[in-house]
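The structure appears right after this line, and notes come after that.
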Amino acid sequence: QFHTIKYEDLKWDESLGQGSFTRIFKGEKTDYRDGEKHTTEVLLKELDPDHKNCWESFFEAASFMSQISHKHLLHVYGVSVHGDKNIMVQEFVKHGALDLYLKREKSLSVSWKLNVAKQLACVLNFLEEQSIIHGNICAKNLLLVREEDPSQGISPFIKLSDPGINVAMLGKDVIMHRIPWIAPESLAAPDNLTHECDKWSFGATVWEIFNNGNPPLQGWSLEEKEKFYENKQQLPPSQWTELADLIGQCMSYDLAFRPSCRSIIRQLNSLVTSDYEILHATESVTQ
Ligand SMILES: Nc1cnc(-c2cc(N)nc3[nH]ccc23)cn1
């Protein structure tokens with residue numbers, strides 16, 4: 001299952017916002033190991049008391065994250081229950097969620113974006129090998145551990161966060177808000193997620209990464225979003241045809257057409273090599 005942490009060993013610092021039915025805070029946890037007191041910076045994710053009915057799903061997400069470990073998966077230290085408070089204690093990731101970072105940093109290079117997309121493909125492949133379905137892949141659930149520093153040859157490093165409350169527990173509206181990240185087939189059957197669902201979401205997330213953090217279908221109403229799926233529409237394709245092809249394959253309405261993780265990684269690797277031409281192409285355009 002997961003490690004339980006004593007409430008009195010936690011300290012709350014500033015609020016960092018909220019997710020679906022959760023509030024997040026920066027904080028600290030203390031533990032006593034070999035007679036010494038250790039303080040660790042943590043992210044405290046609190047389930048709203050008025051959504052107590054979701055606590056199983058909340059803890060399912062915690063145990064999901066605690067059962068497996070991977071360099072690109074967020075570490076969950078454990079959970080703490082105190083009265084009607086359910087708290088998930090996660091590693092604190094310095095640069096926060098990628099969707100906000102992409103909006104803020106307007107001049108990220110193509111190789112930066114490809115590097116991040118490859119890291120996500122790696123953890124997606126790992127989850128598939130472990131027969132584990134995440135169910136909520138999007139830039140908001142990617143955390144930036146380390147920024148790039150080209151002068152030092154340091155590349156960005158991301159981690160995939162927990163999936164949050166199971167999409168089947170959420171109301172129809174929340175599910176609709178997840179268009180176009182949620183796979184079309186999951187709209188009708190949110191409690192029957194498959195690995196193919198994660199590939200669809202991967203496609204939407206790569207589109208986000210290359211679209212400078214502008215969310216896809218930004219400002220669309222729930223009705224328009226529903227039509228987007230009913231009419232089997234696609235997101236606006238990137239000018240980079242190979243990238244647009246990969247995103248299009250991942251976001252096929254027919255599950256069978258979605259590529260294997262190995263194929264996704266192979267196609268991303270081939271993109272890196274052809275990165276040179278596109279880089280010069282965009283530079284010549286922008287100059
Ligand atoms: N596991 C996590 C999750 N989110 C953060 C985080 C870091 C930061 N600098 N600003 C933020 N603003 C909102 C969340 C957040 C950290 N660790």
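Derivation of every value follows stated rules applied to the coordinates shown; laboratory data play no part. In this text, all values refer to a predicted model and were calculated from it rather than measured experimentally. Using ideal geometry, Cβ is built from the backbone for each residue, glycine included, and neighbour counts are taken over all protein chains shown.
Quick notes on this structure:
- Label point distance in nm, Lys172-Gln249, each placed 7 Å from Cα along Cα→Cβ: 3.6
- Protection proxy ranking of 207-213, 172-178 - average other beta-carbon atoms within 10 Å, highest first: 207-213, 172-178
- Calculated FRET efficiency for the pair Trp55/Ser131, C-beta based, R₀ 25 Å, to 0.05: 0.50
- Segment Phe257-Glu28, length gained on full extension (0.36 nm per residue, minus Cα span): 77.9 nm
- For Leu73, residues with placed amide H under 5 Å, excluding near neighbours: Leu160
- Computed from phi, the 3J(HN,Hα) profile of the stretch 166-172 under the Karplus parametrisation 6.51, -1.76, 1.60 (θ = phi - 60°) reads 4, 4, 5, 7, 8, x, 3 Hz, with x in place of Gly and Pro.
- Maximal additional length on extending the Glu14-Lys71 stretch stands at 17.8 nm, based on 0.36 nm per residue less the C-alpha distance.
- Cross-link table Lys29/Lys71; Lys113/Lys227; Lys26/Lys85; Lys11/Lys52, entries beyond 27 Å C-alpha to C-alpha: Lys113/Lys227
- Rounded FRET efficiency, nearest 0.05, which uses the C-beta distance separating Glu242 from Lys85 and R0 of 51 Å: 0.55
- Pairs of alpha carbons in the chain whose separation is greater than 26 Å (percent): 45
- Peptides 12-22, 55-65 ranked from most to least packed by the mean count of surrounding Cβ atoms within 10 Å: 55-65, 12-22.
- Of all aspartates and glutamates in the structure, the ones whose alpha carbon falls short of 18 Å from that of Lys106, not counting any fewer than 8 places away in one chain, are Glu147, Glu148, Asp149, Glu208, Glu283.
- Label separation (His38 vs Trp220): 4.6 nm, computed from points 7 Å beyond Cα along the C-beta direction.
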